[in-house]
Amino acid sequence: MEEKQPLASMTGFGAAAGDAAGIAWAWEIRSVNSKGLEPRFRLPSGWEAAEAELRQALQKRIRRGSVNASLSLKAEEQAAIQPDSEALERVLKLTQEIAARIPNAPPPRAELVLGLPGVLRASQVSSGPPAPTPAVKAAVFAGFDEALGQLERGRLDEGARLTGVLAAFLDEIAALCRQAEAAAEDQPRLQRERMLDSVRALLAEGMSLPEERIAQEVALLASRSDVREELDRLSSHIDAARSLMAEAILVGRKLDFLMQEFNREANTLCSKSASVPLTGIGLSLKAVIEQLREQVQNVE
């Protein structure tokens, strides 16, 4: 049985580090949500030519998100030996003074003077950004693959958490739709009564309205106040969202588009509402749909 593909988030992090041929390297890759795939690389000087190959490797595995990949390299520092000028001057002066006090004493030998403590000191010399030699490049590319694997796992872990959040919001929307359906049962009757009250008020003021016209207006108003169509479409959108979540692969854009449809139906429901309870449910629907939309922005 084929394993189900989990939903992936666009948020993740991956890192890898190692050394090769005396060069220490480290990768950090971060990704956040974006409308498309936006890879950005920060590479040391001299490694610009490697970007095209790295970018191609990333595009094969990551399909959507703003991805920032950073590589740092550090060569082993080379010790340089040089004399300490002040210490050397003090030693030379002292040896010359001692030699002058000893008859027929030979002059101090250079190697003996340099061997005295403190005369020579070591300093670190930086060799600049390491060049992409074959050995170093192979290690760096293997490290990129490792960090990319961590990033993918992180995005899937975040996607698993996101799946639960999305499912909870869809359940909440479904519950609100059931509440709206119950609250809307008297919707046409309430609208008709309001219309008839308005007509009676006009007739009481002596205005004359054709009965046929009154009947048409009442029927039209009752039709416009019926929210069953909006609730049916919301139910259909919930099913579509759950199907996309089960499909999982690259469904972020489809879910994002579906959120617009959710919003459209909730807005229409609020505009048709003839009662305070139904309006309250409609506003709650809009709030939950907005929360759902914010989370959908992170789906790959």
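The values are calculated or read from the model by the stated rules, or taken from the named source; none is laboratory data. Given the structure is predicted, the values throughout are model-derived calculations rather than measurements. Cβ coordinates were reconstructed from backbone atoms using ideal geometry, including for glycine residues, and neighbour counts include every protein chain displayed. Surface areas here come from the heavy atoms of the whole protein model, side chains and all, with no ligands, DNA or RNA. Shrake-Rupley method; radii C 1.70, N 1.55, O 1.52, S 1.80 Å.
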Förster radius 41 Å - calculated FRET efficiency between residue 49 and residue 253 (Cβ-Cβ, nearest 0.05): 0.75
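Given a cut-off of 29 Å, name the pairs among 254/286; 35/60; 60/286; 35/286 whose C-alpha atoms lie farther apart than that in the structure shown. All intermediate terms of the calculation are to be shown ahead of the outcome.
Details: 254/286 19 Å; 35/60 18 Å; 60/286 38 Å; 35/286 23 Å.
Exceeds cut-off: 60/286.
Multiply the residue gap between residue 157 and residue 239 by 0.36 nm, knock off their C-alpha separation, and tell me the result in nm, one decimal place. Before the final figure, lay out the partial values.
Values: separation 82, 0.36 × 82 = 29.52 nm, distance 2.41 nm.
Full extension from residue 157 to residue 239 adds 27.1 nm.
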Lys, Arg +1 and Asp, Glu -1 on Cβ, resulting dipole of region 1-63 about Cα centre, debye, nearest 20: 300 debye
Length released on extending from residue 66 to residue 34, taking residue separation times 0.36 nm less the Cα-Cα span: 11.0 nm
Residue 176 accessible area, 1.4 Å probe, all protein chains in place, Å² to nearest 10: 20 Å²
